[in-house]
Amino acid sequence: MQGKTLDLSLLGVVPFLAFALLFMLLPTAYLMLGAFQDAQGAFTLANVAGLFEPAVLEAYAISFKISLASTAIAGVLGFALAWATVLGRLPGWIRPTITTFSGVASNFAGVPLAFAFLATLGRMGLVTLLLRNCCGINIYATGFSILSFFGLTLSYLYFQIPLMLLIITPALDGLKTEWREACACLGGSSLQYWRLIAIPVLAPSLLGALLLLFANAFGAVATAYALTGSSLNIVPILLYAQIRGDVLHNPNLGYAMALGMIVITGLANAGYMLLRSRADRRLR
Amino acid sequence: MTHPKLHALALAALTLCAASGAFAQSEQLVAAAKAEGQLTVIALARSWCGYGPMIDAFKAKYGIKVNELNPDAGSGDEIEAIKANKDNKGPQAPDTIDVGLSFGPAAKAAGLIQPYKVSTWSTIPESAKDAEGFWYGDYYGVLAFQVNADMVKAPTDWSDLQKPEYKNAVALAGDPRASNQAIQGVYAAGLSSAGGDASKASAAGLKFFADLNKAGNFVPVIGKAASLAQGTTPVIISWDYNALADRDSLKGNPKVEVVVPKSGVVAGVYVQAISAYAPHPNAAKLWMEYLYSDEGQQALLNGYCHPIRFGDLIARNKFSKASLDKLPPAAGYAKAAFPTLDQQNAAKEVITKQWDAVVGATVK
Amino acid sequence: MSAARPAARPPQGVRASRWGAWLALALGSSYFLLPLLATFEFSLRMQRGVYSFEAYRIVLSDPLFQSTFSYSIVMALLTIVVGALLVVPTAYWVHLRLPRLRPLVEFITLLPLVIPAIVIVYGYLRMYNSSALIPLTGSATATDFLLMCSYVTLSLPYMYRAVDTGLRSIDVRTLTEAAEVLGASRYVILRSVIFPNIRAAILSGAFLTFAVVLGEFTMASLLDRPSFGPYLQLVGANRAYEPSALAVIAFLATWASMGLIQLFGRSAHTRPGPT
């Protein structure tokens with residue numbers, strides 16, 4: 001009996017799995033194979049070994065760092081903005097405006113975004129020149145540069161924050177006002193409400209959103225390439241250099257790098273699963 | 001001697017035969033190409049060498065539809081596209097490719113291209129083509145400085161770039177770890193500072209950019225027309241044809257000067273080839289005939305690229321004076337160095353591997 | 001909004017939170033609007049020395065702009081519908097009956113973010129070319145279908161995460177049991193109970209999908225379809241002012257389209273749910 005129920009239940013995910021198989025997993029399967037082949041098609045572990053060269057390892061490290069930094073900051077700021085939009089008791093037209101704007105901003109990446117930031121905070125940027133001309137402040141004198149890790153993170157936030165906002169807003173909808181009132185009735189402060197009720201309820205959704213942000217930043221390449229192209233070493237840029245470039249063209253190494261990225265994403269997913277199951281348990 | 005008249009007659013008849021043979025062949029080719037009805041090209045950006053007007057002219061002349069895939073593609077992309085489309089006869093399979101010099105032999109070795117010798121084959125320099133006709137150079141350009149003249153004074157040579165007036169000003173047009181244009185840029189800088197010694201050029205080039213970076217003159221942004229106009233990269237090292245095309249599109253806002261450096265003039269050849277799996281091989285061959293015809297080579301010159309048959313056509317005075325005048329002074333090109341395949345490969349090895357370490361622009 | 005409340009003066013804490021909300025909004029707006037302003041300012045500089053809308057005139061008078069933009073809008077709407085139809089039942093099912101499959105399903109939905117699009121499209125060309133079992137590159141319609149599937153794949157992470165979050169915030173189990181007690185079939189439950197209650201989440205996913213499809217370049221270019229992404233690339237490649245104008249126009253047009261989706265999403269159902 002148990003076996004029968006399980007079988008029928010599994011049918012529910014068949015369309016999804018079939019779609020994923022046909023349009024994502026199988027087409028990229030040869031990528032998995034290609035990571036273990038050399039240019040002539042023979043089996044080799046040389047590409048995987050190539051992943052442990054200092055340049056590549058450093059690229060993974062920087063990719064990891066920038067994904068982490070942008071996710072953490074966007075997580076906090078995006079949550080703050082989402083809170084303001086949903087629970088801030090603002091006029092009714094604010095929420096649809098913010099959510100639609102976030103929709104557009106979430107994909108405003110790549111060359112237009114890099115250019116926008118150069119045009120704002122670059123050496124000849126609008127804000128840079130404005131600050132210099134009106135208030136005598138030269139932000140570049142403080143050691144700031146848009147062409148740096150900090151600058152790149154700043155630009156990543158442009159699509160990370162809206163993503164966080166859009167994902168977490170429905171979860172904030174689920175926070176019933178009755179809970180807040182009940183807490184107040186029992187003499188609880190705002191802080192206690194957030195710490196003991198709201199955050200634990202939101203924890204699984206927050207974790208899910210953060211995982212998505214991390215993977216989103218990890219795979220992003222166009223913005224980094226356009227902003228700090230020839231100086232910053234992140235994995236997707238190296239990957240593209242191997243698969244697409246005019247020069248290096250060792251696609252098998254590129255596939256190995258992509259495989260490495262998939263493994264890291266898998267590990268992040270596993271970590272998230274652990275944290276989320278704990279959060280789910282606390283709620284029961 | 002015995003029968004001079006007969007001899008002359010025979011010669012005349014032979015020439016007529018050959019000419020009409022070639023003529024008949026090209027008529028056949030045109031008919032076959034028209035029957036195929038379409039041509040798929042890849043990586044031909046419309047503003048690169050004036051490919052836009054060329055494609056339009058080809059379409060108008062023969063009535064063949066042209067599918068332009070991925071104009072942003074790099075040479076590696078084009079090779080991958082052929083491989084991915086081996087069994088595909090749809091409009092996603094590229095018929096022809098336009099790749100960097102070193103990709104020609106590599107594609108031939110991988111069996112991805114088919115041989116074809118255009119009718120003007122004999123006028124293409126030996127060094128720029130494959131003896132068996134698998135790949136053939138089509139145009140070249142030299143590395144030049146593209147300068148936003150409203151912001152900085154135009155430099156005359158590579159050594160000028162190290163001066164303090166070019167602080168936060170100099171950029172490459174690509175990533176030296178992935179882009180042919182950028183690597184040749186580093187090589188050219190090195191050739192200049194190494195006094196023309198090709199064996200020392202790569203190392204000298206890396207050192208040049210290391211110094212440039214230390215002096216604060218190097219901007220690690222990929223230079224484009226937009227960043228030139230906006231002010232982030234007032235000096236870009238790029239192919240002369242790209243620089244001139246940008247100058248035209250900016251229309252004086254800002255004023256752009258294109259300068260061929262006095263020393264370290266490096267030329268880069270790009271080659272054409274027909275895919276071995278081309279769904280429309282006759283259209284592809286017709287396209288090649290067009291590119292290598294006098295008309296096509298003039299069109300390349302209009303796009304500021306030096307066509308590969310430059311020497312031949314200039315000797316026969318075939319170029320329009322107007323188009324020649326629009327190019328930078330010819331004297332600058334006289335000293336152009338054409339790196340051989342071996343030199344290019346050696347430069348690639350050194351520069352791509354050591355860029356991060358030596359230039360140290362790794363952002364923290 | 002839920003039941004009407006008497007208009008009493010809100011307590012101190014609530015007023016403070018409203019201040020905080022406005023502050024957060026002000027800071028957020030400046031961060032997001034300044035780069036757009038800078039792009040706009042640059043796009044006005046096409047004519048030397050004066051501000052003008054020359055770049056906009058050039059962009060808007062291009063017939064390709066309208067045709068590619070409309071093509072992409074249609075593809076985006078199709079992608080949203082197919083994506084929602086694929087994801088919502090799956091997420092619902094996993095939530096309700098197959099929690100042990102969740103790690104696998106979530107991992108699959110994350111993959112499109114890290115697998116380069118160019119690898120996916122080369123895979124498509126190998127698998128679905130004109131000589132393969134399922135020839136999808138022969139005709140324009142079939143290629144459009146393939147392109148739509150690729151878009152659904154690319155937007156999977158966002159759609160799934162949004163829907164999953166939405167499902168988390170409603171009590172799926174209770175709602176399902178109540179509906180079952182009333183005799184509703186699976187299909188009716190999904191259509192009349194689940195879909196309306198996660199409307200906000202689906203809308204979020206729809207916005208993200210819409211933006212992804214409109215800006216997507218690699219797939220469309222290599223599958224040779226006339227969508228907006230390749231057009232953006234065409235205009236932006238080697239020009240200075242037109243790409244900035246185009247970026248601003250695309251931003252505003254996409255925003256307006258999303259506004260329309262939002263309106264449609266609001267009016268499409270009459271039962272009041274969580275706003």
Karplus (6.51, -1.76, 1.60) ³J(HN,Hα), θ = phi - 60°, over region B:296-311, in Hz, Gly and Pro reported as x: x, 5, 5, 5, 4, 5, 4, x, 6, 8, 7, x, 5, 8, 3, x
Region A:1-156: C-alpha gyration tensor shape, a/c 1.5 cut-off, then a/b vs b/c: oblate
Relative exposure of A:Val14, B:Val359, judged by other C-beta atoms within 10 Å (fewest first): A:Val14, B:Val359
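What average count of beta carbons from other chains do you get within 10 Å of the Cβ of residues in C:86-92? Mind dumping the intermediate values first?
Working: counts 5, 2, 0, 4, 8, 2, 1.
Mean shielding count: 3.
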Shielding by other protein chains, A:10-20, mean Cβ within 10 Å: 6
Cα-based Rg / Dmax (Å) for region A:100-160: 12.7, 37
Of the DSSP H helices in chain A, those whose Cα atoms cover at least 27 Å axially and whose Kyte score averages 1.0 or more: A:54-87, A:149-173, A:199-219
Span from the region A:185-224 Cα centroid across to the region B:193-231 one, whole angstrom: 45
Relative exposure of A:Lys176, B:Lys108, judged by other C-beta atoms within 10 Å (fewest first): A:Lys176, B:Lys108
Lys/Arg +1, Asp/Glu -1 at C-beta; chain B dipole; positive extreme among B:Ile183, B:Ala210, B:Val66: B:Ala210
Residue-by-residue Karplus 3J(HN,Hα) for region C:129-138, coefficients 6.51, -1.76, 1.60, Hz, glycine and proline x: 6, 5, 9, 8, 4, 10, x, 10, 9, x
Assigned charges on the beta-carbon of Lys, Arg, Asp, Glu; chain A dipole about Cα centre (debye): 820
Nitroxide proxy distance, nm - points 7 Å out along Cα→Cβ at C:Leu182 and A:Phe150: 5.7
Rg in Å to one decimal, and Dmax rounded to a whole Å, for chain C via C-alpha atoms: 22.6, 73
Kirkwood estimate for region B:311-364, i.e. one over the average of 1/r between Cα atoms, Å: 15.1
Value of [θ]222 nm, deg cm²/dmol, for the protein assembly as shown, DSSP H segments ≥ 4, -39500 (n - 2.57) each, nearest 500: -19500 deg cm²/dmol
Largest-first principal axis extents, alpha carbons of region A:136-284, Å: 68, 50, 21
Overall dimensions of chain A as given by Cα atoms, namely Rg and Dmax in Å: 23.0, 78
For B:Trp135, residues with placed amide H under 5 Å, excluding near neighbours: B:Asp130
Folded to 0 to 90 degrees: helix B:198-214 orientation relative to chain B principal axis, Cα: 40
Sum of side-chain charges, B:Ala283 neighbourhood, beta-carbon under 14 Å (Lys, Arg +1; Asp, Glu -1): +2
Theoretical FRET efficiency, 1/(1+(r/R0)^6), r = Cβ-Cβ of A:Met273 and C:Ser131, R0 25 Å, to 0.05: 0.05
Cα gyration tensor shape for the protein assembly as shown, rounded if a/c is under 1.5, else prolate or oblate: prolate
Cβ-placed point charges (K, R +1; D, E -1), dipole of chain B about Cα centre in debye, nearest 20: 340
Coarse-grained scattering of chain B at q = 0.11, 0.12, 0.14, 0.15 Å⁻¹, given as base-10 log I(q)/I(0) from a Debye sum over alpha-carbon atoms: -0.78, -0.91, -1.18, -1.32
Förster radius 45 Å - calculated FRET efficiency between A:Glu58 and C:Phe195, Cβ distance, rounded to 0.05: 0.45
Highest average packing first - B:188-199, C:185-196, B:80-91, Cβ atoms within 10 Å: B:80-91, B:188-199, C:185-196
For region C:165-244 and region B:108-181, distance of Cα centres in Å: 44
Derived scalar couplings ³J(HN,Hα) [region B:145-156; Karplus, 6.51 cos²θ - 1.76 cosθ + 1.60; whole Hz; x for Gly, Pro]: 9, 9, 10, 7, 5, 6, 9, 9, 7, 5, x, 9
Flagged links, alpha-carbon separation over 25 Å, of B:Lys200/B:Lys326; B:Lys59/B:Lys117; B:Lys153/B:Lys353; B:Lys224/B:Lys255; B:Lys318/B:Lys348: B:Lys200/B:Lys326; B:Lys153/B:Lys353; B:Lys318/B:Lys348
Cα long-axis angle, helix B:75-84 against chain B (0 to 90 degrees, to the nearest 10): 50
Acute angle (nearest 10 degrees) that the helix B:4-36 long axis makes with the longest principal axis of chain B, alpha-carbon atoms: 70
Normalised alpha carbon radius of gyration of region C:66-190 [divisor 2.2 N^0.38 Å]: 1.28
Test item: Cα-centred dipole of the protein assembly as shown, Lys/Arg +1 and Asp/Glu -1 on Cβ, debye: 2680
Average other protein chain Cβ within 10 Å of Cβ, residues C:132-142: 2
Fraction of beta bridges assigned by DSSP in the protein assembly as shown that are antiparallel (%, nearest 5): 70
Residue among C:Gly166, C:Ala140, C:Gln47 farthest towards the positive dipole end of the protein assembly as shown, charges placed on Cβ: C:Gly166
Cα lying deepest toward the dipole's positive end in region A:44-283, options A:Ala203, A:Tyr255, A:Val221, charges on Cβ: A:Ala203
Percent of Cα-Cα distances greater than 13 Å, calculated over region B:219-281: 69
Residues of type aspartates and glutamates that B:Lys34 reaches as a straight line, Cα spacing below 15 Å, ignoring anything fewer than 8 places off in the same chain: B:Asp95, B:Glu289
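All of the numbers you see were taken from the coordinates with simple rules; none came from a lab. Just so it is clear, the model here is predicted, and its values are computed rather than measured. Here Cβ is always computed from backbone atoms with ideal geometry, including for glycine, and neighbour counts include all displayed protein chains.
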